[in-house]
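Colleague: Below is a structure I'd like to ask you about.
The values are calculated or read from the model by the stated rules, or taken from the named source; none is laboratory data. If you're wondering where the values come from, they're calculated on a predicted model, not measured in any experiment. Glycine also receives a Cβ, built like all others from the backbone with ideal geometry; neighbour counts cover every protein chain displayed.
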Amino acid sequence: MSYWWYRFMRRMMCYPYPYPPMPPPQPQPTPQTQQPQQTQQQPVSYQQPPPYPYSPYPVFYPPMPPPPLAPEEELAMLEDYKRALEEDLKALQDELKSVEERISELKELLKTRGKQYWRQENT
């Protein structure tokens, strides 16, 4: 069983919304100085941690494609996907061919320059 839908869905992937920045910290209350007349101690108050960042929108993960209803529909879908892959492959082969041509041009240029520089240094 091949997972052709994985490659198909990888192209269509929607990425989750980034989390918003953390809110600015709350100003700390200034500690009150104890006066010598008061012997009563204040209870220690604990600070609440800052709230966890939340996503303003729910994180959306695209659902898996439903199974095709009929073999004819699956065949048509696979043929379209194959056609798209062949176009991509053709574009990559053209790119590879142009890169190989440029490499051969540069090698020829270096060979001729190398001979010229060799002649200049020895004369």
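Colleague: What about Pro53, is it modelled with pLDDT of 70 or more, of a type outside the set (A, V, I, L, M), surrounded by 10 or more Cβ atoms within 10 Å (Cβ to Cβ) and assigned to a loop (DSSP other than H, G, I, E, B)?
Modeller: Numbers: modelled with pLDDT of 70 or more: no; of a type outside the set (A, V, I, L, M): yes; surrounded by 10 or more Cβ atoms within 10 Å (Cβ to Cβ): yes; assigned to a loop (DSSP other than H, G, I, E, B): yes.
No.
Colleague: Next up: Do any residues in the stretch 74-92 that are in contact (Cβ under 8 Å) with a residue 24 or more places away in the chain have Cβ atoms under 8 Å from those of residues that are of a type in the set (A, V, I, L, M, F, W, C), where the two are at least six apart or on different chains, and which pairs are they?
Modeller: Pairs found: Leu78/Trp4; Tyr81/Trp4; Tyr81/Phe8.
Colleague: Turning to a different aspect of this structure: Quick one: is Glu73 modelled with pLDDT of 90 or more and of a type outside the set (Ser, Thr, Tyr)?
Modeller: No: the conditions fail for Glu73.
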